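Shown next, in C-alpha cells, is the structure this report addresses.
What follows is calculated from the coordinates using simple rules that are stated; it is not laboratory data. Bear in mind that the values here come from a model prediction, so they are computed numbers and not experimental data. Because the Cβ atoms are built from the backbone with ideal geometry, glycine has one as well, and the counts that use them run over all protein chains shown.
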Amino acid sequence: MKITFVKKILADGSPCKKCGEVADKLEKMGHMARIDETIIADERDSNSPGMLIAAKYNVERAPFFVIDKGEETPVIYTVFMKFLKEVLEQQTSEAEELKEIMKDNDLDFL
Amino acid sequence: MSETLNHVDINHKLQESSPQEILEYAISTYDSIAISFSGAEDIVLVDMASKIKAGVRVFCLDTGRLHGETYQLIEKARQQYDIQLEVLFPDANAVQKLVAEKGLYSFYTDNHQECCGIRKVAPLRKKLLTLDAWVTGQRKDQNPGTRAEIPVIQNDRIFARPGETLTKFNPLANWSSTEVWQYIRKNNVPYNPLHDQGFLSIGCEPCTKPVGPGQHEREGRWWWEEATKKECGLHVDHSKK
C-alpha cells in the first residue's frame, strides 16, 4: 500500500493552513513514517503534481490522501479523521470527526 | 474505467437531463438508495420519485428543533405518497451532553456546527453507512458561493463505507427556485406553509428566519454568523495558462 499526502499552496503563494495542521498532527501522532510521498497541489500551476492528481481523480479539496493498493483505482480520502481511522487505524472521537466534516463541507442543505 | 471517472462521465451525460430523468436513472441503477427530505422545497423530489417507483425510500432528519409546520409537512408526505418514510433521530446521550454543557441555544454563542453535527450529521452518517446512493435537493442557485459547481451525480467521499463507494445525486442542481415552484404549483405538491410567510430556506426553528425582498435565501439561516471563506477548495488559476 502506498500513501500519498497531497498538500496545497494557495493562489497567493501561501501554504494551506489545514494542510499544515494535518502534517503537524501526523507528526505528533507518529504517523509521518507511514506517508510514502508528499506532493504539492499548487493553485498557481495546474500542472503541479498535486493538481494533476486532483484533476485525474476529480478531487475538489485539499489536503487529501491517495491510497494505492495496486488495484485499478486508488481510494481517495478528503476527510482527515476518516483517513486516520480507516487507513492508519488511529482511534478518533465522533466529536472530532463531526467537527471536521461540518467545518470543511457544505451540509447546510440538510 | 474507474468508478471516479464514471461519476464524471455520467455527470456530463446527465447535465441536460430533467430532474425526473436523473431520478429515474438513480432509482433504476441503485436498489439501496434513499432520498433526503428536509421538509422544505425538496418535497418535489418525493413527488417525482414516488411517480417513478412505488415505495421509494425517503428519510428525514428530525433534529428535535424543527418548526411545527415542517413536522406537519413530513406527516402529510407520509400519508399522501407511496413511500417508505423513515424519520431519523439524533443520539439522545449526545444531545443531552450538549445541552447539559452548553444549554439549548449554544449555537448563538459558538456557531451552529456543533449542534448540527450532533443533531443532523451524526444520524445522517449512520444512515448513509447503510446505503449505496442518496439523493439531495441541493441546487446551484441556493448559494452561488459554495454550490455553483455542484454536479448532478458525485462520488460522496465523506460518508462512504470504508473501502466502498457512495453515490450522491443532486437532481435539482440545475433547476432554479422558480422552476421548483412552478413544479410545485403545476403538480399541486403540498408545501411547507412557512414559505408563504417569507421563509425561503427552512431548517431548525431557532436558526431560520424569513428574508426580505432582495435578500438571498441563505441570509435566513444562521444570520448571526459571519460568512466564512471556505479555504479547502482547489482553485485553478486560469490566468496563468
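Apply the a/c threshold of 1.5 to the C-alpha gyration tensor of region A:2-79 and tell me whether it is rounded, prolate or oblate. Oblate.
How would you classify chain B from its alpha-carbon gyration tensor, with a ≥ b ≥ c the square roots of the eigenvalues: rounded for a/c under 1.5, else prolate if a/b is greater than b/c, otherwise oblate?
rounded
Once the Cβ-Cβ distance of B:Arg185 and B:Gln84 is raised to the sixth power relative to R0 = 35 Å, the FRET efficiency obtained is 0.85. Across peptide A:94-104, the mean count of Cβ atoms from other chains lying within 10 Å of each residue's own Cβ comes to 6.
Per-residue shielding of B:152-165, expressed as the average number of other chain Cβ atoms within 10 Å of the residue Cβ, stands at 4.
May I ask you to derive the FRET efficiency for A:Glu27 and A:Ala95 from their Cβ-Cβ distance with R0 = 22 Å, giving the value to the nearest 0.05?
0.45
The equivalent ellipsoid of the protein assembly as shown has semi-axes of 33, 24, 21 Å, largest first, where each one is the square root of 5 times an eigenvalue of the Cα gyration tensor.
Across region A:96-110, rounded Karplus estimates of 3J(HN,Hα) from the backbone phi angles (6.51 cos²θ - 1.76 cosθ + 1.60, θ = phi - 60°) give 5, 5, 5, 4, 5, 4, 5, 5, 9, 10, 7, 10, 5, 6, 6 Hz, Gly and Pro being marked x. The H on the amide N of A:Ser48, modeled in the peptide plane, is under 5 Å from the matching H of A:Asp42, each at least 5 residues off or on a different chain. Residue pairs exceeding 19 angstrom between C-alpha atoms, taken from A:Lys25/A:Lys69; A:Lys25/A:Lys103; A:Lys82/A:Lys103; A:Lys99/B:Lys102; B:Lys76/B:Lys168: A:Lys25/A:Lys69; B:Lys76/B:Lys168. This model, with +1 at the C-beta of Lys and Arg and -1 at the C-beta of Asp and Glu, gives region B:56-197 a dipole about its Cα centre of some 120 debye. In chain B, the calculated helix contribution to ellipticity at 222 nm averages -10000 deg cm²/dmol per residue, counting -39,500 (n - 2.57) for every DSSP H run with n ≥ 4. Under 5 Å between amide hydrogens, built in the peptide plane, is the criterion, and for B:Ile83 it picks out B:Gly55 among residues at least 5 positions away or on other chains.
The overall shape of region B:83-152, judged from the alpha-carbon gyration tensor, is oblate: a/c is not under 1.5, and a/b is no greater than b/c. In region B:3-223, a dipole from Cβ-located charges (positive for Lys and Arg, negative for Asp and Glu) runs towards its positive end, and of B:Cys115, B:Val87, B:Ile33 it is B:Cys115 whose Cα lies farthest in that direction.
Note on region A:2-79: antiparallel DSSP beta bridges, both residues inside, total approximately 60 percent of the bridges counted.
Want the number for B:Val99 to B:Glu16: 0.36 nm per residue separation, take away the alpha-carbon distance, what's left?
25.2 nm
Taking θ as phi - 60° and the Karplus parameters 6.51, -1.76 and 1.60, the scalar couplings of region B:187-202 work out to 9, 6, 7, x, 9, 6, x, 4, 4, 6, 9, x, 7, 8, 10, 10 Hz in sequence order, x denoting glycine and proline.
Computed extension length for B:Ala54-B:Glu219: 55.7 nm, one decimal, from 0.36 nm per residue of separation with the Cα-Cα distance subtracted.
Here the label points at B:Ala148 and A:Met1, each 7 Å from Cα along the C-beta direction, are separated by 3.8 nm in the simple model.
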